[in-house]
Structure formats: C-alpha cells, structure tokens
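Accompanying notes for the structure given below.
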Amino acid sequence: MVLTFFVILTITFCLVKTLQSEIPLGKEAEAELARREALGWDKPVLEQYGIYLKNFFTKETHTGVEEHTLTFTYNGRQTTKKEVLTNIKEIRVSKLEDFDSDKKTPTIDGVIDVTGPATITAADLKFTNPLYQIENPDVYIATIGEGEHFYMKGNFMKVVDSPLFDLGVSLRVAYMKPVASVIAERMPPTILVNVLSILVGLPLGIVLGIFAALKKNTWIDHVISVIIVIFISVPSFVLAFFLQYFLAFKLGWFPLVMSSKAEAGGLFTWKMIYSLMLPIMASAFYEIAYFARTVRAELTEALTSDYMLLARTKGLTQSKAVVHHALKNAMVPILPIIIGTFLNIMGGSMILERIFAIPGVGDLTLKALQGPDYDLFVGTAMFYTLIGLLGGLITDLSYGFLDPRIKMGER
Amino acid sequence: MAENNYTPISKDRFRFVQQNEKIHDKALKTKPIGYFKDAWIRFRKNKASVAAAIVLAIIILYAIIVPFISKYKLGAKSDMTYKKMNPELIIGKTVIFDGGKNMSLNDKYLMYLVSIGVNAENAEGKGAESWNIGYESFYNPVLKAGEEEKVIEDGNEVYKRAARVNTYQLIGFQYLQVSAAELQKILDGEKEMQTQILYPLIDENNYGGSADDANLWFRNDRGYPINEAGQRMTLEDVKANGYVDNFLRDSNGDLVYMKTVGSMYKIRVLYYNYYRYEEGHTPSFVFGSDGGGYDIATRMAYGLRTSFILSVSVAVFCFIFGAIFGAIEGYYGGWVDLLLERLVDILWRMPLYIIVTLFQMHLVNTGKASVLSGLLMAFCVTGWIGTASLVRTQFYRFKNQEYILAARTLGAKDMRLMFRHIFPNAIGTIITSSVFVIPGIIMSESTFSYLGIVNLNSRDTVSLGTMMADGKEFLSEYPHILLIPAAVIALMMIAFNLFGNGLRDAFNPSLRGADD
C-alpha cells in the first residue's frame, strides 16, 4: 500500500511539475520570480521531488505563512507625520510584541531592502528575503537623519513553520500559504456535510433494506426496489439540480446554497445545518439506496439459511430469530463497508460542493485544478489517494476482525 | 390363473424395422438452445429490463436521427432574439408543449400583449371587432387568460390575472436597420411567402411612442392606451373601441414603412415572420432554446452522440484490453500475476480526476490531442481494470480443470487454451461488465464537463455536462435549459442500470429456472 502511494505520488508530482507555469508580468514580476526561485520551483523536476520528499519527512520547521499586523519603529520613536524617507540603507523589522515587552534588542525577523531611490514610498519597501512580503502597507514616512525615526503599519507575511506536514506552498488559491493548512482549513464543512448525510442515510438505508428483505416479493419490496434503482442510477448532481429547483426555487423550503459562516453564526449551528439540507439530501439518497440494496441482498441470503430453520425449530419466534441470527450474520459483510464509508467523510464531492457553494475540500481541489496551483494540486491529489487507500485497507482489515472465519493473507 | 382369451397375432404381420439399414444419429427435431439464445429468452422475461432496453433504443435513435432531421445545425449562428424560449412541440393539432410560460398579468400588460396580435392582423380602428380579431390572432402571445384576482404585491393590493403566454410571440415587433438590397429582398420574400413582414413605423415623438420598443404602436400614456381625447382607456374601453394607432404618416396621410438612416433603412418587422423569411422555417424549439439561442433538442442529440461515441469506444477498448490483460494474469499466475496486479493496484487507486486533468493539461492544452481524444485516453487508462479482474478470476477457476489438461495433452498452444477453451466461459460476465462501463463513463464525462475540467464546448462538440453548466444560471426562470438535459441523463442512467441488471441475470446460468 505504501509502495502504491509513493508510485502515485511520484507520477503525479512529476507530471504536474513538468507543466510550464506561466511567467508573471508587471511590476511584481521580479520579486515573484525571486520568490519562486527561493522555493526551489526552478530546479529540475526530480531534484524538486527529492526536496519535496526530504521536507516531508525530515524538515522540522515546515513551510508555512505567518501574518502579523506590525508596527516598526526606527530608533525607538514613532511618528504619525507623513513625511519623506531618505538615506536609509536598510530597515530591520521584528514583531510588535518584542518591542512592547522590553527594551532589549528585538529578534530580527527580516531585513527590508531600501537601497533604491532616494525618496522611498510604500511600493519600494521590499524584503531582501523573497519569501517575505508586505501586504496592505500603510507607511508613515519620516525624514531620516541622525537618530531620526521611521514608523510603519501593515500586514507582514512570511513563510514560517507550519504545524502540519510540509507539502509545499500554494500559489494561486491562497497565496504563499502552506498547502497542508489550506487543506486543513477546508475540512470542517466537508466533514460536516458528509457526517450529516451518513447520519441520515445509514439508518434509513439499513431500515429500508431490512424491511425489503422481510417483505420480499410483496408490493413493499417492489416499491423499495424501484426507489433503490432510481437513487443508485441517477447521478447525485442531477438529483441536486432537481432538489434545488423544486425544493428551493419552487417551494422555497430550503436555501439555495450554503450560508456563510458569518450569516449562520458559526459552522455547527442549526441555521447552518438547515442551509445544508439540500446537499445532505443529494448525497444521502445515494447512501440510502446503496445500503438498502446491500442489506436487502445480504439479509435475504441469511433468511433462507439453514441456521434460521434451526432457530425456528428450537422454538424462537420469527422476530427473535431474525434479530439474533439473520441480522447478526447479514451485518458481517456490511459493517466493513460502513467503516470504510466513515473514512470517506473527509473527501468532499467536487460537484456537490460546487453546486451548493460549500467551501470544502472538493471545492478546493477544483480551484487547485483550475488555477492551476501546482503544489496544492499535488497536495489534494495525495489527500484523495490516501483516503481511498486507507479506506480500502481498513475495510479489508475489518473483515478479518469482525469475522474470525476470514483470515487475511491466508493461503 | 386367468383364462387366456386373446387371439394370437399371425406371424406374417410382424416385420423387421431396419433390416439391411444402417443406424445413424438423427437430427434433433427440436431447436437447440445455445448460450446466447438461452440468455435472450431469460432476458425477455424480465419486463423492467426490456422496458429499459426500449428506452435506451429510443435515446440512441434520437441521438442518431435528430441531427439529420433538425432544422438547426450545430455550430450554425443562432438568432439571439429567440434565446431562452420555452419548449414548443405541436404536431398537427395536438399540443404537447405549447411554448408558453405562466405569467400573471395586470390589465396594462394584457392590453400591451394583445395589441401585438391586433397590429399583426391590421385590425386597428374597427371598434369591438378589433380586440376579438387580435385576441384570436396567431400572433397574439396570450394563449389563455384567467379571471382577475386580488394579489398583494409589496404591500399593495393589485389586480392580476393568471395567464399563459407564448414566449415566441412575446418578441412581437422589432426595429431593424437594413441596406437597400436587403430591403428589396425582404419585399420580394413578402410577396413570395404571402405574409406580411414589414409593418408601419411608429411616430416616436408623439403619444408615448418609443424608439426602443417596437411593440408600443398605439397611442399611450406610459404604456396605458389612450383614446383620441388623450384619456387613459380601461380594458373594457379597449375591448369596445379598440386601440388608437400611433403610426408615422407622411404629408399625404399615408403610412410610412421605412425611414432612411444614413445609407441604411430603418424598418419595423413582425419578427416571427421575418425569422421565417430569413431561416426558411418558423422558430420552434421542441425542448426550447438555451441562453445562446441554440436549439436544446439538437444540441442534446449531439451531446448524446459525444457521450455514446466516447463511452462505447472506451467500453470496446476495455473489453479487448481487459480480456487480454486478465487472461495473461490469470493464465500464467505466479510472479507475472503479482507484478501485473501491483500495476493494477496503482492505476486503480489513482483518482480519475487526476488522470483526466493530467491528460488535458499535457496533451490537450499543448495541442497534441483533441479534447475528446484526451478524455478518451484518460478513461481508457483505468476503465479496463474491472473487466480484467473478472477475466482473471474466471481464468483461475477454469485453468486447472480436466478439460484444459486434456486439451493441453492433445497439444493445444497457450493462446488456443486461453481464448478457445477458457475465455468463452467468461464471455457473459465480461459483456455485462463492459455494458456497466458505459453508464459510468457517461456519468464521469458529464461530471467533468460540468465542472469545466474538460472543455467540450467547441464548434463541433457539445456535451450534456456543458449544457447543464450553461443552464445553471437560468435555473430559477428558465429551468428547462438545465432540467431537460438533466432529466435525459437521469433517464439514461436508470435505463442503463436496469438493462445491465437484466443482462447480468440473463447471462448467469446459475439463475436458470430460479424465477420460474
């Protein structure tokens, strides 16, 4: 499995990285190219891959981006006057907290290169390290002579340690942010939708399946079978369109797309769940049908087994025999599937997230493809591959765990 | 002992049946039932599958035939005037789709709409007759209007009536600027077609005439018709007395039909008739038209063609390649099997979207392959795995059986053993699995083209996915643009699944007699 994962990683990485990334234009081009060079994006593909793997395993300080609102002072004094800044060779910047706490020499976070024109404006302030960047600079400029001062306010961005694995840096979707934390940020909405749809779909599906199996070849079974065929065959996005049109537009029962966090007051509120009803339905219908079909097939087989006849012969009622014998045995092949499903909650459906404007992993993947945002592309691709692989592995292992008769790897 | 009371049969009545004859096998009187015939008999018994097969056949025929008989061609320029039209299908006198939409009209708007019909029939100024002629007119957009009802709108009480309005006739009149040659052609066309295209121009400067709206041909005060005295008329007035026209007249009092603007002529046409003259047929879209004015029925047929061509080619490739691959795996076993299985593992675990995107970026965006062939290759990379694993299982099951040993002892080569002796055992399952490949491919293709991962929206290709993506923005007001392709996909998927299930049951000999 590990081997499979690395082969896929290698193929994807190399094929993605051999794509020609477009050359930036305009005023920022030089800084942008320097930034890319600092990240090692101009090296040969295989060398990049080596660095990627090395960073993933060994790097203690992972690539990431930190944002601070900073106030910088020159020679300890601040000014609010907008004046002209001249004759400075360099400005040393550090975090605001370091200034406030004590008078000792603050840790220097970066050096801004101002050896440019004599008169300096905000646009001229550039870090010597290309990975550092100033966002929204709001610079109050003072004339510098002997012991005079400089004061600056603005967002200061730099690539720093990330608590997660080092998967590189995003270029388009979230500029200069570490891929791992970009993916991690997108997980909660995806997980919320998937968990809710499983919570709806799983019990309903199992109950429908049991019902259909117990009433086999009656009209109830036929109706359930028709429902199963329809929900299994109709693609979830087609279902989503019909739900959106009839339940949201025509009847106005549910909102059209997911509410924003600010609107609903957080991710885990009733209002948010209400706004997610349509995507939950669209994915739950498939789960209902899928589980109902599996349960029906397994239970039908179990009900016709000999041990059921024995159970009835020794005097159990039909319901007791079903619950204690048939259902228990029928669940053996179904439980691993359920366990596998729970791992899939992390992978969002690209198309449903696009239709219902859910800011989840699927939507992120799509954005990474359209960017194209190369590191993020590789990152999300690996994420989905890993989920698939682990899901398969856990399903296989749980078969052996749940049913002692099955021994994995036995000849 | 019972008494012997039979009469003995004389010896000469006996004779030999086959004296001096050789005994041969005789041909069976009954017809033999082969594997496929048996499957066919069992398939026929499954009503749902037969219905699904018929639905599929209809969809396939639709995709094949419609582009030939359609008045609209893919890639032809569309008339943007007739965009977002509702479906219209009228065969003889049976109305299946009336091309209408439901609106709620107040008196002002009702009078405005019916005036189109009145003007088209030149019925102005004839009192009570005028309204009736206009209302009965073919060009009147109002198909049906109900009684007035009180509704609350933004806190105000207003009187409106539910009505069904034909979207095609709603266009009414349009101003055009044409050259002298074009004008002459239109005049000739008018004579040839025996219908009126040109209508008198409106006095734009008086009585509420508008330079933009060619339908406001009557004297009006902000849209309300007024009479000669300049007072607003109610609906009853208009019904009794008709509209008062506001046409442009020359010094002799004759109607003016054209006006020079630079070197061009400004004319006012009844657009429905103008379209007939321009295109040679009436505007009428069976499933409506989309946001670009294209016929949905025709585009859908081309989209289905794309889907079918793609999915059937992939299925055929998967059938052949999967069979060969699975046969090699299953027959040789051992390290060959192990090695190839690892390859399968890797390909199978690779998410499909990655493969499709990489093919698109590396081959299509660089111009090395067309969009469709790029997609085809991407699907072929992983599509055969299901078939291969089925074949592999079948080979493992049969390769150690005695009849294979016998054949090998008689000197049969590997190839002969594989494809002559073992493979036919698996043919049913393989065909079924190949059939199940098709809906999967169609679904993936429409998903990817909806998401824009593959761009199938060019001059000569279109896909159901792109049609749905285009229709998404009109979902609230013009749902047919999105919902018709969506419904066709849904229907096709259900049909394919039922058909596949029927086929699977039919090809499974262990189920023989189970349902009798």
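The values are calculated or read from the model by the stated rules, or taken from the named source; none is laboratory data. No experiment lies behind these values; they were computed from the predicted model shown. So basically every Cβ, Gly included, is an ideal-geometry build from the backbone, and we count neighbours across all protein chains shown. Heads up: the accessible areas ignore ligands, DNA and RNA and are worked out on the full protein's heavy atoms, side chains in. Shrake-Rupley method; radii C 1.70, N 1.55, O 1.52, S 1.80 Å.
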Selected residue [aliphatic (A, V, I, L, M), open to solvent by less than 70 Å² (accessible area, probe 1.4 Å) and under 44 Å from the mean Cα position of the chain (by Cα)] from B:VAL178, B:VAL244: B:VAL178
Collect the residues in the range B:311-326 that are hydroxyl-bearing (Ser, Thr, Tyr) and buried (at least 17 other Cβ atoms within 10 Å of the Cβ), keeping them in residue-number order. B:SER311
Take A:SER319 and decide whether it is open to solvent by less than 20 Å² (accessible area, probe 1.4 Å) and part of a helix (DSSP H, G or I). no
Among the residues of the range B:353-373, which ones are among the hydrophobic types (A, V, I, L, M, F, W, C), within 14 Å of another protein chain (Cβ to nearest Cβ) and buried (at least 19 other Cβ atoms within 10 Å of the Cβ)? B:ILE354, B:ILE355, B:VAL356, B:LEU358, B:PHE359, B:MET361, B:VAL364
Inspect all residues belonging to the range A:194-215 and state whether any of them is within 14 Å of another protein chain (Cβ to nearest Cβ) and in a loop (DSSP other than H, G, I, E, B). no
Restricting the range A:334-354 to residues that are more than 10 Å from chain B (Cβ to nearest Cβ) and open to solvent by 30 Å² or more (accessible area, probe 1.4 Å), the one farthest from the chain's Cα centre (by Cα) turns out to be A:LEU335
Of those in the range B:488-511 that are open to solvent by 40 Å² or more (accessible area, probe 1.4 Å), touching a helix residue (DSSP H, G or I) at 6+ places or on another chain (Cβ under 8 Å) and within 17 Å of B:TRP40 (Cα to Cα), the residue nearest to the other protein chains (Cβ to nearest Cβ) is B:LEU498
Given the options B:ALA48, B:ALA57, B:ALA76, name the one that is out of contact with any Phe, Trp or Tyr (no Cβ under 8 Å at 6 or more places or on another chain), of a type outside the set (Asp, Glu) and in the same structural domain as B:GLY471 (by TED's automatic domain parsing). B:ALA57
May I ask you to list the residues in the range B:180-230 that are part of a strand (DSSP E or B) and within 18 Å of B:ILE267 (Cβ to Cβ)? B:LEU198, B:TYR199, B:ILE202
Those residues of the range B:439-477 which are modelled with pLDDT of 85 or more and more than 18 Å from A:PHE237 (Cα to Cα), in sequence order: B:VAL462
Give me the residue from the range A:252-271 that is under 18 Å from the mean Cα position of the chain (by Cα) and not small (Gly, Ala, Ser) and, out of that set, nearest to A:ILE358 (Cα to Cα). A:MET258
Selection within the range A:355-407 - outside any helix (DSSP H, G or I) and either of a type in the set (D, E, K, R) or facing chain B (nearest Cβ under 9 Å) (or both): A:PRO372, A:ASP373, A:ASP403, A:ARG405, A:LYS407
State whether the residues of the range B:249-265 include one that is on the phi < 0 side of the Ramachandran plot, in contact with a strand residue (DSSP E or B) (Cβ under 6 Å, 6 or more places away or on another chain) and crowded, with 23+ Cβ neighbours inside 10 Å. no
Filter the range B:269-310 down to the residues that are farther than 21 Å from B:PRO479 by Cα, open to solvent by less than 20 Å² (accessible area, probe 1.4 Å) and in the same structural domain as B:VAL488 (by TED's automatic domain parsing) and list them by number. B:THR306, B:SER307, B:LEU310
Identify all residues within the range B:90-112 that are surrounded by fewer than 16 Cβ atoms within 10 Å (Cβ to Cβ) and farther than 27 Å from B:ASP221 by Cα; write none if there are none. B:ILE90, B:ILE91, B:GLY92, B:LYS93, B:THR94, B:VAL95, B:ILE96
For the range B:472-487 the number of residues that are part of a helix (DSSP H, G or I) and within 7 Å of chain A (Cβ to nearest Cβ) is 3
Of the residues in the range B:374-426, those that are closer than 16 Å to B:GLY326 by Cα, open to solvent by less than 60 Å² (accessible area, probe 1.4 Å) and free of Cβ contacts under 8 Å to residues at least 12 places away in the same chain number 0
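Filter the range B:437-471 for residues that are assigned to a loop (DSSP other than H, G, I, E, B) and at the interface with another protein chain (Cβ under 9 Å from one of its Cβ atoms) and give the result.
Within the range B:437-471, B:GLY452, B:ILE453 qualify.
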Over the range A:240-255, the set of residues within 10 Å of chain B (Cβ to nearest Cβ) and free of Cβ contacts under 8 Å to residues at least 24 places away in the same chain is A:PHE242, A:TYR245, A:PHE246, A:PHE249, A:LYS250
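In the range A:223-239, is there at least one residue being of a type outside the set (D, E, K, R), open to solvent by 40 Å² or more (accessible area, probe 1.4 Å) and in contact (Cβ under 8 Å) with a residue 60 or more places away in the chain? Walk me through it before giving the result.
The first filter runs over the range A:223-239 and keeps only residues of a type outside the set (D, E, K, R), leaving A:223-239.
Imposing the further condition that a residue be open to solvent by 40 Å² or more (accessible area, probe 1.4 Å) reduces the set to A:223, A:226-227, A:230-231.
From what is left, the residues that are in contact (Cβ under 8 Å) with a residue 60 or more places away in the chain are A:227.
Yes: one or more hits.
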